[in-house]
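Below is one structure, written out as structure tokens, with a few remarks after it.
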Amino acid sequence: MNILNFVFETVIFALFILWFNFLPGLIFVKIFKGKLPTAEIMAVSLVTGVTIFTLFLYIFGCLKLGFLAYILISIINVYFLVKLKQKKNMWFGNFLLICRKSWITVVIIALLTLFAGSLLFRSGLLTDGQLSFTESRDSFWHLGLMQELVRSVPPIHPGFAGLPLTNYHIFTHLFGSGFLHLGIFNNLDFYYRLFPFFIVFLYVITLFVLGRLLTGRKLGGILSSVFGVMTGSFAYLLPLFIKYPGFVWQESSFWLSQPFSMIINPSFALSSSWVLVSLYLIHKIETGNKNLWPILSLIAGVTIVFKVYAGILILMALFGASLWQLITRKESSLFKSFCVALVISLVLFLPQNGSDAGKFLVFMPGWFLRSMVESPDRVQIVDWILRENTYAEHGNTFAIFRYRFVELLMYLAGNLGVRVLGFITVFSLVKNFRKLSGVSVAMLIVFFAGMTVPLLFVQDGSIANTLQFSYYALEIMSVFTAMWILKIFNKYGKRAGILTVIILLVLAVPTSLNTWYHYLIKNSPQIITASRLQSYEFLKKNTDEKSVIMVPGTPTFLISLEAGTLSNRRLYYGDRLMAENTHKNFKEREAVLQKFYKSTNDTGWNNAVLHDNQIDYVYVDKNETKEFLPEFYSLTQVFENNSALIYKVIR
């Protein structure tokens with residue numbers, strides 16, 4: 001990695017965020033007379049600005065005029081800055097002064113951002129001509145989709161060329177493509193070493209502003225941020241109870257991945273901030289700042305195309321809060337926001353997902369509880385499995401229920417970790433339900449719905465994806481836990497509060513520290529050899545950007561979008577999991593690849609496959625496709641090294 005070039009990219013990245021994201025958001029907030037404190041206006045403006053920028057990219061991209069998004073935002077910014085200068089009302093004037101006064105908060109937010117944002121820093125580094133990755137399967141898909149959105153909006157499926165990408169939320173990737181479109185950033189540096197820090201920073205600051213608002217104290221915001229980022233599961237305690245040889249615990253031993261590793265899934269990471277800001281705005285609106293309702297409608301409405309699970313939860317939460325406001329206060333400001341948000345969600349979501357919307361859930365209650373104690377890579381309590389099977393054979397329903405109830409408690413406590421103390425806040429809120437605020441209702445809905453859906457449903461295709469509903473519940477419980485800790489400070493004093501924080505942090509962080517250690521230090525990275533990388537570079541530099549590449553149907557090429565992402569080209573077929581998740585007929589294409597690379601002498605069929613699927617290049621791996629004979633195809637060789645051959649299709 002060239003250090004000077006990376007510093008330059010970092011500066012450009014920060015300026016890009018300021019100009020194309022923060023300023024448009026600040027303008028939007030000012031238009032609706034949102035009078036907010038500095039940290040809060042920063043969080044709301046960033047989320048609003050990213051939303052506006054991404055919507056512009058989508059609208060103008062669909063019109064094949066994507067460059068107008070940058071021009072229009074720049075014109076608006078210049079006009080706004082001129083007006084501010086004339087009024088001598090610059091928001092930036094007090095920013096540095098406030099940062100100096102709140103330097104402890106700034107340092108904590110910075111440390112959390114640097115620590116969690118560095119998780120993927122080692123990935124995508126070039127050493128001796130080879131690329132190394134500590135995480136690649138998910139990141140190849142996400143980066144590959146960002147690159148595809150530079151080429152086309154709406155996107156063609158990057159791993160299933162010729163068909164549009166449907167049944168997927170694309171706005172996180174569309175936002176990322178806005179940076180790549182400029183051609184300034186190295187794509188790997190951007191995805192692994194710049195984008196994560198911004199996502200984590202946004203998550204940390206939105207946790208802070210929500211926590212501070214709900215507790216009325218800066219300490220509440222700090223605790224929400226710290227526990228929202230650093231708290232992991234209780235998986236590290238499992239070796240005390242599980243003694244069989246070879247057992248290795250991980251953060252998701254109880255099934256749920258933790259917020260600390262959120263940047264592996266940038267759609268989840270970014271959408272978390274949309275959920276948190278929506279909750280913040282619900283509270284601001286119901287406490288008198290009704291001018292903010294259009295901003296809430298916009299943010300809550302677009303969340304579904306940043307992450308569908310988050311969108312469903314926040315729409316449910318906003319609907320619940322609006323009904324509560326109507327019943328208890330006879331006010332309709334939140335209901336108005338909900339109606340507009342619902343319309344925005346449907347307008348954006350249905351064109352990409354209409355035919356299969358609502359068909360992705362399969363009713364299988366308790367599946368994750370059962371698999372948690374069955375799977376070798378989870379908890380696996382063999383004695384329980386045998387006993388449950390015996391009780392099932394004898395029809396002992398009560399005994400089975402008893403075990404499932406214990407499994408449920410293990411699932412909740414194990415995944416929540418010290419956040420289980422947030423139940424004290426939950427019970428307190430429910431006990432005094434007549435005094436509930438709208439935001440409390442919304443947060444309870446996010447928590448209970450988020451935790452309940454995976455216990456009742458699995459997802460068609462990738463069965464474990466419904467667990468992602470629960471990720472947002474973990475974040476809500478972090479805030480509830482911070483609220484409980486504040487009560488310790490208020491009731492028992494500063495010393496008791498500090499001691500409580502220290503004890504809880506000691507119990508909270510081992511899983512997150514272990515995750516960081518494995519990604520940054522311990523794990524042996526996946527290596528992309530120099531020769532394979534050379535073949536990808538050839539495709540990137542010597543083919544049209546919309547070329548379709550056929551790669552072998554072997555595990556190396558089907559496990560991820562590696563070839564497509566590193567060559568920045570569409571694949572006829574790659575990444576089986578994402579093809580299944582997006583409801584493509586992947587089995588048919590796998591069968592075609594198996595037959596194609598075995599060099600059948602049916603030249604008519606061979607060439608029909610190439611021409612009917614508009615394939616431009618055929619990639620042959622010398623180690624994995626030794627049976628391939630080019631004389632049976634209308635091909636001409638354009639590249640060869642010690643690992644690969646590349647052929648161009650003759651039209």
What does the highest-first list of 163-174, 565-576, 484-495 look like by mean Cβ count within 10 Å?
-> 565-576, 163-174, 484-495
Accessible carbon and sulfur surface of the chain relative to its total accessible area, %, 1.4 Å = 64 percent
Mind ordering 128-140, 400-412, 49-61 by average Cβ neighbours within 10 Å, highest first?
-> 49-61, 128-140, 400-412
Note: the chain, point scatterers on Cα, Debye, no solvent; log10 I/I(0) at q = 0.06, 0.07, 0.09 Å⁻¹ equals -0.35, -0.48, -0.80
Give the angle, between 0 and 90 degrees and rounded to the nearest 10, that separates the Cα long axis of helix 137-151 from the longest principal axis of the Cα atoms of the chain.
-> 80 degrees
What residues qualify as long-range amide H neighbours of Val638, i.e. H under 5 Å apart, gap of 5 or more or another chain, H built at 1.01 Å from N?
-> Ile646, Tyr647, Lys648
Would you kindly compute the Cα radius of gyration of segment 216-366 and its largest Cα-Cα separation (Dmax), both in Å?
-> 19.2, 62
Using +1 on the beta carbon of Lys and Arg, -1 on that of Asp and Glu, and nothing else charged, what's the dipole of the chain about the Cα centre, debye to 20?
-> 3100 debye
Obtain the radius of gyration and the Kirkwood radius of segment 568-616 from its C-alpha atoms and give Rg over Rh.
-> 1.00
Hey, can you find the accessible area per residue of the chain for me, probe 1.4 Å, expressed in square angstrom?
-> 41 Å²
Intensity falloff of segment 222-282 expressed as log10 I(q)/I(0), Debye formula with alpha-carbon point scatterers, at q = 0.14 Å⁻¹ | -0.54
log10 of Debye I(q)/I(0), alpha-carbon scatterers only, for segment 452-603 at 0.15 Å⁻¹ | -1.00
Can you quote the Å³ per residue value for the convex hull of the Cα atoms in segment 130-193, rounded to an integer?
-> 103 Å³
Kirkwood radius from Cα pairs of segment 518-651 plugged into Stokes-Einstein at 10 °C, 1.306 mPa s, gives D in µm²/s equal to 103 µm²/s
Which entries in the list Lys431/Lys494; Lys64/Lys546; Lys584/Lys648; Lys218/Lys494 go over 18 Å, if you measure between the two C-alpha atoms of each?
-> Lys431/Lys494; Lys584/Lys648
Go ahead and estimate [θ] at 222 nm for the chain from helices alone: -39,500 (n - 2.57) per DSSP H run with n ≥ 4, summed, over the residue count, rounded to 500.
-> -19500 deg cm²/dmol
Set the Förster radius R0 to 60 Å, insert the Cβ-Cβ distance between Arg137 and Ile424 as r into 1/(1 + (r/R0)^6), and round the FRET efficiency to 0.05.
-> 0.95
Against the globular-protein guess of 2.2 N^0.38 Å, express the Cα radius of gyration of segment 358-476 as a ratio, rounded to two decimals.
-> 1.21
State, to one decimal in nm², a quarter of the convex hull surface area for the C-alpha atoms of segment 305-393, i.e. the direction-averaged projected area.
-> 9.9 nm²
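The values are calculated or read from the model by the stated rules, or taken from the named source; none is laboratory data. Only a predicted model underlies this, so the values are computations on that prediction, with no experimental measurement involved. Note that each Cβ is placed from the backbone with ideal geometry, even for glycine, and that neighbours are counted across all protein chains shown. Just so you know, the surface numbers come from the protein's heavy atoms only, side chains and all, with ligands and any DNA or RNA stripped out. Shrake-Rupley method; radii C 1.70, N 1.55, O 1.52, S 1.80 Å.
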